[in-house]
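See structure below.
Values quoted throughout were computed directly from the atomic coordinates according to the rules given, and no laboratory measurement underlies them. Predicted, not measured: the structure shown is a model, and the values here were computed from it. Don't worry about glycine lacking a Cβ; one is built from the backbone with ideal geometry, like all the others, and counts go over all protein chains shown.
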Amino acid sequence: MVRTSTFVLALATASTTLAQSCNIGSRCPESVPCCSQYGQCGVGAYCLGGCDPRSSFSLNSCTPAPVCQSQTYTFENLDSIAPNTKYLGDATKADWVSSGNPVSYNGDVLLTMAPGTVGTLLASTHYMWYGNVKATFKTSRGQGVVTAFILLSDVKDEIDYEFVGADLEVAQSNFYNQGTPDYNNEINITLSDTFQNYHTYEIEWTPDYIKWSVDGQVGRTKMRSDTWNATGNQWDFPQTPARVQLSLWPAGLASNGQGTVNWAGGLVDWNSPDIKNNGYYYASFTSVTVDCFNATSAPGTNTGVSYTYDGYSGTNLTVVDGNNATVLGSFLATGLDMNLGASSGTASGASPSSTAQSIPGVSGGSPAQINSHGDSGSSGSSGSSSGSSTATGFVQGTTGTSKSGADKLGVGQEKGIKGSVFAGIVAVAAMMAIW
Ligand SMILES: *[C@@H]1O[C@H](CO)[C@@H](O)[C@H](O)[C@H]1NC(C)=O
Ligand SMILES: *[C@@H]1O[C@H](CO)[C@@H](O)[C@H](O)[C@H]1NC(C)=O
Ligand SMILES: *[C@@H]1O[C@H](CO)[C@@H](O)[C@H](O)[C@H]1NC(C)=O
Ligand SMILES: *[C@@H]1O[C@H](CO)[C@@H](O)[C@H](O)[C@H]1NC(C)=O
Ligand SMILES: *[C@@H]1O[C@H](CO)[C@@H](O)[C@H](O)[C@H]1NC(C)=O
């Protein structure tokens, strides 16, 4: 249940076309066939990680997803991180795709959140179809500031650790099945101060159970056998290939639903000591280890090159571990024509118009979105209801460099600029960089 981004409004201000929204009942048209993680139609990066095949023009509109690879990732430098303005699906060249502003510091990667931004997100380039993943990190702090370590699939199965900066002695564990809001799945794991101390958070995910462990101690176990949904005639249990996502995001914005703000412990204080001393909130990630599931037959294999879907139910039975390529030729390409716009390739099929959106923004990969945390109203309310929120002012990752827009303009200067104005500046710069 990833939060609908506020970037859309910002981008729309500067571009002549509005990104079209999409969902299962309203799929994208052929010209902009890919439904992004945030529910907007586009091409290029919209077709990469997070693209929901069920809400896209067709099941093969999204780019096939790189299969699981067992590996330990460290962050001595940012070399393994590609900004989402550069990454085209080659998981052999980048381990993580970023939006926002990751910063290298003392062997860690800091996910930063400066005033006027919606934080930073790192998403793994490889997917996991069950398996173990653990991450060692220190969270951010402060009311309204949320740190997250989650698994999120393209059909929005999700397994979470979330940390609300107002309570540093709790790790919230949670899971969702295909993005369905369910208020009863959250369970707290208590531990020592998550801002001061590194902890290792692990998710052990098999077809039969999920275990959340902190520093080697099991804090929670969820059995699939306890999740049967007789109405839907399926297990409400995460079962599709997911990306690892590390994020820092502002749940405490006035433009977010009241339930979300309350859950996050109140509004973000943009004059806090962390902001005054560093210019941003931050969470420090040291390492992530992925240990793929060793199934010899589906579900849970990683014997091919990529995962795709061959059905709309979004269950494990519709996942194909096959050999389709994963790399797009350019930001004009889609799963329907993966070589479109490649320097050596020839264009064919339906060309996207030159105004098609090609790089989705992000709000920080929040696991808590639509109707979650007691919000009422429909999806997207956080982004569209307020044009003057601070978050509106940030178009993450669209500036064409690994620096955030805020960084480029200078965070200090940006503080005084109203969000919407700032958004326009960054968005125009972004559009010029792309087109
Ligand atoms: C996989 O590749 C085949 C052959 O090119 C193609 O027909 C099919 O649409 C692709 N499937 C997906 C889901 O991309
Ligand atoms: C988890 O802890 C938070 C405070 O950190 C609290 O607001 C919430 O109600 C707790 N959830 C459960 C299920 O106990
Ligand atoms: C895969 O999906 C089918 C159909 O919903 C279900 O019977 C089966 O238990 C699922 N397996 C897992 C591991 O979730
Ligand atoms: C059970 O499945 C139905 C139909 O898919 C769905 O509408 C409902 O939200 C599910 N229940 C829960 C608790 O997820
Ligand atoms: C998969 O097999 C390898 C080699 O035997 C093992 O090291 C690893 O822990 C296994 N992974 C899981 C998730 O069980």
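Points to keep in mind about this one:
- Put a dot 7 Å past the Cα of Asp193, heading toward its Cβ, do the same for Ser343, and the two dots end up 5.2 nm apart.
- Only Cα pairs under 8 Å and 6+ residues apart enter the sum, and on that basis the relative contact order of the stretch 17-380 stands at 24 percent.
- Placed amide H near Val305: partners under 5 Å, 5+ positions off or other chain: Gly322, Asn323, Asn324
- Residues within the reach of a label modelled at Thr74 (point 7 angstrom out along Cα to beta-carbon, backbone nitrogen below 16 Å), restricted to the stretch 274-309, are 285-290.
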